[in-house]
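Let me begin by presenting the structure, written as structure tokens, before commenting on it.
The values are calculated or read from the model by the stated rules, or taken from the named source; none is laboratory data. Note that the structure is predicted; figures quoted are calculated from it, not measured. We place every Cβ from the backbone using ideal geometry, glycine too, and count neighbours over all the protein chains shown.
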Amino acid sequence: MYPIRKSEVLRYLGYRKSMVITKETDALVDECINDLKKVIQPSMTYERFPIVRHDGILDIGGMIIDSKSLSTNLKDCDEVFLFAATAGIGIDRMIHRAELTNVAKAAIYQAAGAEIVECICDDLNDQLAEKVKKEGLRLKPRFSPGYGDTSLELQKDFERLLQMSKIGIHLNESLLMVPSKSVTAFIGITKSKEKQKSGCALCTAKNCTIRREGL
Amino acid sequence: MSLLERLGKERLYCDGGAGSMLQSWGLKAGELPETWNVTHPDLIIKLNRLYFEAGSDIVNANTFGANALKFPDTLEEIVTKAVENAKEARRLAHREDAYIALDLGPTGKLLEPLGDLPFEDAISLYKETITYGVKAGADLILIETMTDSYEMKAAVLAAKETCDLPILTTMTFDEKGKLLTGGTPESMTAMLEGLGVDALGVNCGLGPKQLRPFVKRLTEVSSLPIIVNPNAGLPKSKNGVDYYDMSADEFVSYMKEMAENLPISVLGGCCGTTPEYIEKLIAATKDLPFVAPTKKHRSVVTSFSQAVEIGKKPVIIGERINPTGKKKFKAALKEHDINYILNQGLDQEEAGAHILDVNVGLPGIDEASMLVEVMSKLQSVLALPLQIDTGDFDAMEKALRAYNGKAMLNSVNGKQETMDHVFPLVKKYGAVVVALALDERGIPQTADERIEIAKKIYKEAEKYGISKDDIVIDGLAMTVSSDPKSALVTLETIRRVRDELHGHSILGVSNISFGLPNRKVLNSHFLTLAMQNGLSCAIINPNLSAMMDSYHAFIALMNLDTNFNEYLSAYADVETTPVKKENKTLSLYDAIKKGLAQDAATATREGMKTKDGLTLINEELIPALDEVGKGFEKGTLFLPQLLMSAEAAQSAFAVVKESMKGEARTINGRIILATVKGDVHDIGKNIVKVMLENYGFEVIDLGKDVPPKKILKTAIDEDIHLVGLSALMTTTVVSMKETIDLFKKEKPDTLICVGGAVMTQDYADEIGADAYCNDAMETVHYAQKVFHCE
């Protein structure tokens, strides 16, 4: 099973070092993480594509993307993985249910669900890294549609290219994914050994409540 | 010979994979394969022909993803050409004996309530494809690769309502034997058999080795021919090339073993298999003895994921979702307070019910639409199968149709007119139906007459092809206070249903004690007697511990509770709690600070012995909440704790409210909350709601994805002057602005505050909001300012 990091669940809940967590709250967080472990139904898919560039515009599997942020992320990459992963629809049911009975639980389920899908992505990420390592290649940090200057419209291309509905990920009219605990992303494949900023360090939302402390 | 004359009587073969072959012939990733029906008919004909020549008896027309969502303008051409190509391939292969399947895959959308495709729209989508496919000459409908029970039901209903062709269905399980929305071999079998499909089975997802246990489970529960179309093992990738890890020979050896040991009627392949696989599969299995499927006689009710079998041990059906004699429930129905009803369901699930009865009939209410709505919402939060309880045939049909799974239906009886209405519905949608042992002559006084009526009902059902496995006889529990012999007659009836009719029975148990005091004593003992006399289903209030005690004791004593699992889990806490808990009760203030809902309620009850409710609220509840709120604002206290305290405060309010018959406190102000159009994230809004309510505001919660006009209309109708809007995404801030603009034009006296993950003060100013609230506490403070109650 995935190593769910409680510290991350707490971070998604807005935890700061200045806060004191009561015994009762701590127990509820544990209980909620355990509840979700029972309903996780992970599934994932990915495809490897060459990157074609024309004047700074990217062409990935027929997707034409004019984005500075993604171009920066995919610098020095000739290829890229597109992937989609989900923790399953069971978590959404648990959240809906808790919204009716106990909003504290609903909030914790939201946070724990986010951490769980993150774990699933990390796991897949490791497998992909292992795969390309044999070819002397490395992976760049994940980059999801909607990050930086990219449009959420890219989700439609992911849906088509990865046949996401096959693994149970669907887009609604607002291009959000159902199950809600799902992730799509680009992962650049590169020969370069240069370290790259990722996650919160890259993000411009400095006042975000879940921003990692100390950055 | 027609397919139905052969299906289940001899071994038949499907075709294998298409995608990987088309890709090797030049289909690009993301290109819709169905377009090739028109652009590369030669290659599609070649593909189909290779399978006909390999020996496949059923070959799929290239229509897997053909629906009007993907081909809004060209669907008819795409589908027609697909079937024509397959026909041409069959002619070229000289296989006039073989059949062409109109192949239907998932729509690519998730259905409501979790997704956004309405059920009836899904049916229409499938109907359109089927209409073209039938017109072009397909011989059967193959619905495959389904991962959601609801979408499967939509596709099957579409096929049944459009044509008379055989319907074959296969679904895709994950390695735990579940569909993506939770369905199991057992639950899916019951639903599909209820819908009257001609065969069912598995395809895709896994290889034959991993699928075997799930195929075995299907053969154990299904009476229908079983189809097995696995992938060529599991997907692997080498040097950037994807492939499946089983060679044709390895694939065939697993398939042969399955065909030898399990009664499988149709064999074939899916992703990664090629005509070579199918040819070898046929060579290896065609001479094996064929074992036809056998009738299983199971009575099963399901939801999208759970299957409850009737007959093995007593089934508990929760009766609380019913307005009869319940003021609060009636009020909830009238006020459209669905959450109240959902909570009734969740409580009963918690208490151990296996199935929930759903009755929402009340004069002045559109029962059909209320029933469908309540059931759909129940199914979005719990997985128990539901029992549709209505006497309105229109509501019955709509509910049976919209239900996700195979429902229980309450009820039919021996009256000819009722049977004429109900049985066609049971036949079409599938259901286990409760049959009351009464008819035109009323309620019989003797067991003899009740048994006669039961026989008559079985016989009438048989005319429709409804097996008595799908009928549960209600032996009619009548109050003993008006006829002291009535319990004896009821018990004799259910005993004879078991012993003479070999059928299943049900009782509305608590009717027995009507008009007598301390009813739970009679009810719980009558329940034990009834179970001892063979009762299959008990409609009871599972929240009453006396009733569940009878059930747990009965199954434990009758060797129906393996390792006493149910008994032990039901009474795990009994030994330890009474000693410890009572000696130290928390004050209301502390209970709220710690966020303990039960203790808060207890403390409130205790406190109200000496003080009145309002004083308690002002002296303890509000100060505790304030302190927690301050901690949260200062950043020393954690969001979940704020919410736990809010929950605890609510449970304290509930106690005060009850004692004061409703009016617990003055209302500080009335506020509309809504997550704006396009946005489905409403956790933040829900948190704000709870906090506002705690501080004495009445909240009209319009939910999520709410159109601007609806918010405006509610504000006008309800005379509201403060509206809170929430949006999580930058993309939906647009709808927030639309809503604000609409208010400025149509109802400028309303203040609008906004919040949500992407919101900032700048953003709020830009879209013209009156206030930006960073979190729930800020919203409370703003509301207090607006309504002058700081």
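Key figures for this structure:
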| item | result |
| --- | --- |
| Count of residues meeting criterion [surrounded by 14 or more Cβ atoms within 10 Å (Cβ to Cβ) and more than 28 Å from A:LYS131 (Cα to Cα)] in region A:32-63 | 5 |
| Leading residue by the ranking (nearest to B:LYS109 (Cα to Cα)) among those in region A:129-163 that are of a type in the set (Lys, Arg) and either surrounded by fewer than 14 Cβ atoms within 10 Å (Cβ to Cβ) or touching a Gly at 6+ places or on another chain (Cβ under 8 Å) (or both) | A:ARG160 |
| Region B:735-776, residues that are hydrophobic (A, V, I, L, M, F, W, C) and touching a residue at least 40 places away in the same chain (Cβ under 8 Å) | B:MET736, B:ALA757, B:ALA769, B:CYS773, B:ALA776 |
| Positions within region A:81-103 being over 30 Å from B:GLN379 (Cα atoms) and within 12 Å of another protein chain (Cβ to nearest Cβ), in sequence order | A:PHE81, A:LEU82 |
| Pair list, Cβ < 7 Å and 6+ apart or interchain, from region A:154-178 residues that are part of a helix (DSSP H, G or I) to residues that are of a type in the set (Phe, Trp, Tyr) | A:MET164/A:PHE158 |
| Search result, residues across region B:361-384 that are in a loop (DSSP other than H, G, I, E, B) and either within 14 Å of chain A (Cβ to nearest Cβ) or closer than 14 Å to B:ASN339 by Cβ (or both) | B:LEU382, B:ALA383, B:LEU384 |
| Which listed residue, of B:LEU117, B:LEU200, is assigned by TED's automatic domain parsing to the domain that holds B:MET258 and either acidic (Asp, Glu) or free of Cβ contacts under 8 Å to residues at least 12 places away in the same chain (or both) | B:LEU117 |
| Test: residue in region B:704-714 that is within 12 Å of chain A (Cβ to nearest Cβ) and either out of contact with any helix residue (DSSP H, G or I) (no Cβ under 6 Å at 6 or more places or on another chain) or surrounded by 23 or more Cβ atoms within 10 Å (Cβ to Cβ) (or both) | yes |
| Residues that are under 34 Å from the mean Cα position of the chain (by Cα) and either of a type in the set (S, T, N, Q) or under 19 Å from B:THR170 (Cβ atoms) (or both), drawn from region B:13-33 | B:TYR13, B:CYS14, B:ASP15, B:GLY16, B:GLY17, B:ALA18, B:GLY19, B:PRO33 |
| Residue list for region A:11-20, restricted to those being without any contact (Cβ under 8 Å) to a residue 40 or more places away in the chain and crowded, with 16+ Cβ neighbours inside 10 Å | A:TYR15, A:MET19 |
| Residue within region B:623-645 that is under 13 Å from B:GLU693 (Cβ atoms), at pLDDT below 90 and more than 12 Å from every other protein chain (Cβ to nearest Cβ) present | yes |
| Among the candidates B:ALA715, B:ALA764, B:ALA674, residue that is at pLDDT 85 or above, more than 32 Å from the chain's Cα centre (by Cα), under 30 Å from A:GLY113 (Cβ atoms) and not assigned by TED's automatic domain parsing to the domain that holds B:MET644 | B:ALA764 |
| Only listed residue being crowded, with 16+ Cβ neighbours inside 10 Å, aromatic (Phe, Trp, Tyr) and under 26 Å from B:VAL358 (Cα atoms), chosen from B:PHE526, B:PHE514 | B:PHE526 |
| Wholly within region B:1-107, helices (runs of 4 or more DSSP H) carrying at least 3 residues that are more than 17 Å from B:ILE143 (Cβ to Cβ) | B:19-24, B:36-39, B:41-54, B:75-92 |
| Some residue of region B:229-245 being hydrophobic (A, V, I, L, M, F, W, C), within 14 Å of another protein chain (Cβ to nearest Cβ) and part of a strand (DSSP E or B) | yes |
| Test for B:ALA122: is it aliphatic (A, V, I, L, M) and more than 14 Å from chain A (Cβ to nearest Cβ) | no |
| Selected residue (criterion: modelled with the lowest pLDDT) from residues of region A:163-183 that are touching a Ser or Thr at 6+ places or on another chain (Cβ under 6 Å) and not small (Gly, Ala, Ser) | A:ILE167 |
